[in-house]
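Student: Here it is, the structure, as structure tokens.
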Amino acid sequence: MTYSTKELLGIINLMYITNTGGLISCKDYSGHTVFEWLNDIDILHLDPYAHYGVGFSAEEYVQTIQYAKNTASLYDLEIWETNIDNKPGGGGGFSALFVNTRYKVAIFAFRGTASGEWKDNFIGGGRTSQNDGVSTAQQENALTWYKEVYDKYHLQEYTTIVTGHSKGGNKAKYVAILDDTANLCVSFDGQGFSDEFMNKYGERILLRQEIIHNRSIDYDFVNIILNDVGQKTYYKGFHIGAGGFAENHAPNTYMNYDDSSNFSLEECDQAFEMIELDRFINSYCRSQNFKYKATSLEMFGALAQAILVFGDIEAVKEILFDQTYQKQVAYLLAYTIKYEQTIPVFREAIASILQSFNMEQALILFENILEIVNNRNFNKIFTILMFLLNIGTKFDWLLRYVQKLLEKKMKLSFSKKEVLHLVTIMNLLKEYILTIHIQKGDGDDWKVEDNPSYHALGLHILETQNDIKNKIESMKILNTEEEMDEEEFMHEMDQIYSLLTETKE
């Protein structure tokens, strides 16, 4: 006997039950059956206003519980082991072993990304600090737990299934690739693996990928991260609620429930927006050498955690204006601009995604940045301001003008510190964009037979000559208290810019 996609999906959704709003987690039910556990939950008195997480409501949990209680293959399962990953590098991920003793089936289930695991998702996109250089701490912790529990219960005579959702799906695939005792792997919306991982474990992947099955929502945005392994099937998402586009990653989005708490699954093609975003992420990652790639992935992980876990816009702004990520932000903007120019359909895909997230302002902001990058006057001003910053002369006079121009153009206000940060990013962006060369097809997921190509991130630093410092300081703009109109101001900027460009030539 084995378990179907529907049955495994039922288990995964049960894994998301926490001690919230009248629900009871299975964490303390080792030694009990699923039926005994679920019977202790009073589904008639769940709090309809409790926060159950993105994509979940009291009503939807009732449907999931009723489905499990109506399905013998689920309610007969025994809970033999539960685990929270608190080992070094662990992020609090939850896993459990469910066993059907009658048919000798052992199901290792990994719940999706815990609050401390988003960064680990992106750390796995390149070289890592683990012993093999390509795995993450949480992947290795999952494999260690699996092996320990498998040996503890002597499961050699059992059919062993590993399954999980999101980060849990990635862990399930990791276990299936590196341990021969797993007989079947079903991953729901689980992300893939880095080029480096594919290179190192190519032989293992070739040997094991036939037992790996990926099941993802058509608009899911996590399964597209990195290179996938195994067979792929996509499903239409149902009942997108208050969580909006983010609910495309909820594990119950697959389920189209009827009035009797049974559900159906509807296969479909992957959404074109997700295909294009997948290609962009791969192409972007492959364009950098390992040193800059590691910091870029760290930045992405921090952003994902701020947006998807905490929903903290201020934290997002803080990350983007963090000097640690200055080069990475500039390169990401430069790469996005160049990628959009090379592959125009990408803009359509991003616009659709941002609109689905109700983030149209982000698209407007990007378009404003693009306009600034292509605006000759802004380019001159940023070059001059960067020069003044480098030679250590006073530049408050110019900062005031830049603040006004940015507010007029972008409809946003910036502090002087933020303007300086933005100026540095924009000047880096202009240099980086000259080094980026994008080829169509370099963003496709590659198989273990493929050879990835890496393009070192070109870093060119703007050179200035200090011998023109006195010339600039003698100009009218530094020796008047009067406000100049924009035309007169730009005339002064043209003179300073000419001095700089003549010196560079």
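The values are calculated or read from the model by the stated rules, or taken from the named source; none is laboratory data. The structure displayed is predicted, hence computed values, not measured ones. Counting neighbours? That spans all protein chains shown, and the Cβs are built from the backbone with ideal geometry, glycine included. The accessibility values were calculated without ligands, DNA or RNA, using every heavy atom of the protein model including side chains. Shrake-Rupley method; radii C 1.70, N 1.55, O 1.52, S 1.80 Å.
Student: Using beta carbons and a limit of 9 Å, which pairs, at least six apart or on different chains, have the first residue in region 103-124 and closer than 22 Å to CYS26 by Cα and open to solvent by 30 Å² or more (accessible area, probe 1.4 Å) and the second one modelled with pLDDT under 70 and assigned to a loop (DSSP other than H, G, I, E, B)?
Tutor: SER115/PHE310
Student: Between residues in region 17-30 that are under 14 Å from ASP47 (Cα atoms) and residues that are of a type in the set (S, T, N, Q), which pairs lie under 7 Å by C-beta distance while being six or more apart or on different chains?
Tutor: ILE17/SER25; THR18/SER25; ASN19/SER25
Student: Same structure, new question: Can you name every one of the helices (runs of 4 or more DSSP H) wholly within region 158-269 that holds 1 or more residues which are more than 26 Å from SER287 (Cβ to Cβ)?
Tutor: On the way: elements: 167-178, 195-200, 202-208.
The helices (runs of 4 or more DSSP H) meeting that bar are 167-178, 202-208.
Student: Now a separate question. Just the residues that are surrounded by fewer than 17 Cβ atoms within 10 Å (Cβ to Cβ) and not charged (D, E, K, R), please, taken from region 246-260.
Tutor: Result: ASN256, SER260.
Student: Sort through LEU38, LEU8 and tell me the only one that's open to solvent by less than 10 Å² (accessible area, probe 1.4 Å), in contact (Cβ under 8 Å) with a residue 24 or more places away in the chain and out of contact with any helix residue (DSSP H, G or I) (no Cβ under 7 Å at 6 or more places or on another chain).
Tutor: LEU8
Student: Do any residues in region 317-345 that are free of Cβ contacts under 8 Å to residues at least 40 places away in the same chain have Cβ atoms under 6 Å from those of residues that are open to solvent by 40 Å² or more (accessible area, probe 1.4 Å) and not in a helix (DSSP H, G or I), where the two are at least six apart or on different chains, and which pairs are they?
Tutor: From residues that are free of Cβ contacts under 8 Å to residues at least 40 places away in the same chain, there are no pairs.
Student: Now for a separate question. Failed condition for ILE438, given (1) assigned to a helix (DSSP H, G or I); (2) modelled with pLDDT of 80 or more, with all others met?
Tutor: ILE438 satisfies all of (1) assigned to a helix (DSSP H, G or I); (2) modelled with pLDDT of 80 or more except (1).
Student: Oh, and also: For a quick check of your reading of the model, give me the residue pairs whose first member lies in region 156-171 and is closer than 15 Å to LEU14 by Cβ, whose second is among the basic types (Lys, Arg), with beta-carbon atoms closer than 8 Å and at least 6 apart or on different chains.
Tutor: Cβ pairs passing all conditions: GLY164/ARG111; GLY164/LYS171; HIS165/ARG111; GLY168/ARG111.
Student: Being in contact with a Ser or Thr (Cβ under 9 Å, 6 or more places away or on another chain) and part of a loop (DSSP other than H, G, I, E, B) is the filter here; which residues of region 57-87 pass it?
Tutor: The answer is ASN70, ASP76, LEU77, ASP85, LYS87.
Student: Taking THR136 and the conditions (1) hydroxyl-bearing (Ser, Thr, Tyr); (2) at pLDDT 95 or above; (3) buried (at least 19 other Cβ atoms within 10 Å of the Cβ), which numbered condition does it fall short on, given that it satisfies the others?
Tutor: So THR136 meets the others, but not (2).
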